[in-house]
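Heads up, the thing below is written out as structure tokens.
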Amino acid sequence: MSQVSMTVNGKRVTGEIEGRTLLVDFLREDLGLTGTHVGCDTSQCGACVVHVDGEAVKACSVFAGELEGAEVKTIEGMAEADGTLDHVQQAFQDHHGLQCGFCTPGMVMSAHALLKDNPKPSEAEIRDYLQGNICRCTGYHNIVKAIMAASGQDVSGIAAE
Ligand code: FES
Ligand code: FES
């Protein structure tokens, strides 16, 4: 066992971990942050996407021990303390960008990372960026629409699905 310290959602945390402990397991099991989901064991589904030092990272693909001193943000850190959703979460709600919700935390975290680099992405750019996030329910249409709306673009011409 070894010790690791990082900042998670603005709070300094320290944990005892094994060398093989993945970030997603540290978040879920040690810190109780179960909003970060595990949907595969092949690093393909994107349900586990969090931000590490501002970049989108699949939390199942990185060891917690590599993140000494890192700034990590999870879906639990996105809404305001009073529960007010952040603008991407709100857009997902407004445009029905989720059904079962399993993929949603990863989708929201990926969407934020996309919008940071590309504030007004086209529909094609959103679909391309989300190739690492799998949704079994929505057919992606409303997810794309929600992200376009979150970026301030007019989605009135995009048909509902
Ligand atoms: Fe990380 Fe599927 S659980 S990509
Ligand atoms: Fe169910 Fe995406 S809403 S997996």
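The values are calculated or read from the model by the stated rules, or taken from the named source; none is laboratory data. Note that the structure is a prediction, hence the values are computed from the model and not measured. Cβ placement follows ideal geometry from the backbone for every residue including glycine, while neighbour counts extend to all protein chains displayed. Note: accessible area is taken over every heavy atom of the protein model, side chains too, but ligands, DNA and RNA are not part of it. Shrake-Rupley method; radii C 1.70, N 1.55, O 1.52, S 1.80 Å.
Tabulated data for the structure shown
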item: All strands (runs of 3 or more DSSP E) inside region 5-73 with 2 or more residues being free of Cβ contacts under 8 Å to residues at least 24 places away in the same chain and open to solvent by 20 Å² or more (accessible area, probe 1.4 Å); result: 11-17
item: Breaking point among (1) open to solvent by 50 Å² or more (accessible area, probe 1.4 Å); (2) touching a Phe, Trp or Tyr at 6+ places or on another chain (Cβ under 9 Å), for ASN142; result: (1)
item: Residue match in region 64-75 (condition: at pLDDT 95 or above and over 30 Å from GLY15 (Cβ atoms)); result: no
item: Selection from region 88-112 of residues that are more than 16 Å from MET148 (Cβ to Cβ) and either within 16 Å of ligand 1 (Cβ to nearest atom) or without any contact (Cβ under 8 Å) to a residue 12 or more places away in the chain (or both); result: CYS100, GLY101, PHE102, CYS103, THR104, PRO105, GLY106, MET109
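Results for (1) of a type in the set (Val, Ile, Thr); (2) open to solvent by 30 Å² or more (accessible area, probe 1.4 Å), shown as yes or no for each residue.
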position: THR104; (1), (2): yes, no
position: SER110; (1), (2): no, no
position: ALA113; (1), (2): no, no
position: ALA124; (1), (2): no, yes
position: ASP128; (1), (2): no, yes
position: GLN131; (1), (2): no, yes
position: ALA146; (1), (2): no, no
position: SER156; (1), (2): no, yes
